Amino acid sequence: MAIKQARLTLFDGCALNYLEAGQGEPLVFIPGWSQTAEQYRVQLDELSDRFHVFAFDLRGHGDSDKPTTGYRMHALARDVREALARLDLDGVTLAGHSMGSSVIWCYHDLFGPARLKRLIFIDQAACALYHPSWSEAERLEAGAIFTAQSLHDTAIALAGPEGVATTENFVRTAFFTKAYPAERLQWVIGENLKMPRPLAGKLLLNHCMQDWRDVIPTIRLLTLVVGGEASLFNPRSQTWIANQIPGARVEIFTTDQGGSHFMFLENPARFNALVRDFMTARC
């Protein structure tokens, strides 16, 4: 079906860009940190035969407005809640990739399951910041990848004159398997750079300093957790998340299956089939 592009304006005047296709039960994709709605065109195209599929650019990202304020998890969660209300969407399957999962955890913490029916968490750590007191098992289960120093160093590099180079290195070395085509990597880098690097650095700090391990066990909605064997987040962290939510299902893509942090780009056929099966399975 045809993919439509539109905008909606939030209470503070910030306009969010979104893509939309299909009819039926709503499926809404929330991209990760510095990512864009454009990365879900295959999902919009292939899943809109049965579902009403949306993908949003969060504030500061993609083709949305880029105000100087609102780069905190609670503000992004508030934006999502307002967007769902303005589009009059209810019974939503809300799918968050990477930081998009953190936005959903914050949404659930603030607003409960309002307007939601199912949740899909795509490869995000419950706590990305490593605590020195943790054992190695705790670090792997949390999915932590940053120390306090490395997180601040990365945020400073993103906001400074090396911001573009830092982004390019991050995308090329941490996000994809070696099999992903170079020209597609360059496209992903371009999508990332639609977000001003100082804003990206600011948001990364707020995002990675959150610890959602006490929020995740409060979820009682039908949940799918998707991870990757070759992801920057150890797949044990995805299994841990699924184990906290009654009845949750976990799927880990192997490296040969494109099991990177962006498995939905590397292997959209398997990913889309997984989402379709989850949304149509009987409770």
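Taken together, the values in this text are just the output of simple stated rules run on the coordinates, not laboratory data. Note that this is a predicted model, so its numbers are computed, not measured. Cβ placement follows ideal geometry from the backbone for every residue including glycine, while neighbour counts extend to all protein chains displayed.
Summary of values
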| item | result |
| --- | --- |
| Within the range 4-280: Cβ-based charge dipole about Cα centre, in debye rounded to nearest 20 (Lys, Arg +1; Asp, Glu -1) | 320 debye |
| Sites matching GluC sites (Glu not before Pro) across the range 105-188 that sit in DSSP coil, with at most 15 neighbouring C-beta atoms within 10 Å | GLU162 |
| Cut-off under 5 Å, modelled amide H: who pairs with THR223 long-range | LEU119, ARG249 |
| Reachable lysines from LYS66, criterion Cα separation under 17 angstrom, eight or more residues apart if same chain | LYS194, LYS202 |
| Beta bridges per DSSP with both ends in the chain, % antiparallel, nearest 5 | 30 percent |
| Cα centre as origin, Lys/Arg/Asp/Glu Cβ charges: the range 56-108 dipole, Debye | 240 debye |
| Compactness index (Cα Rg / 2.2 N^0.38 Å), the range 1-61 | 1.09 |
| Cleavage-rule hits (chymotrypsin sites (Phe, Trp or Tyr not before Pro)) in the range 126-225: DSSP loop, at most 14 neighbouring Cβ within 10 angstrom | TRP134 |
| The range 223-235 - phi-based ³J(HN,Hα) in whole Hz, Karplus 6.51/-1.76/1.60, Gly and Pro as x | 9, 10, 10, 10, x, x, 4, 9, 6, 5, 9, 4, x |
| Over the range 57-140, relative contact order from alpha-carbon pairs under 8 Å, at least 6 apart, % | 26 percent |
| Rounded to whole Hz, the Karplus (6.51, -1.76, 1.60) HN-Hα couplings of the range 254-262, x for glycine and proline | 6, 4, 5, 8, x, x, 9, 4, 10 |
| Cleavage-rule hits, trypsin sites (Lys or Arg not before Pro), the range 111-220, DSSP coil, Cβ neighbours within 10 Å at most 13 | LYS178, ARG220 |
| Whole-angstrom gap from the range 268-283 to the range 62-102, using each part's C-alpha centre | 23 Å |
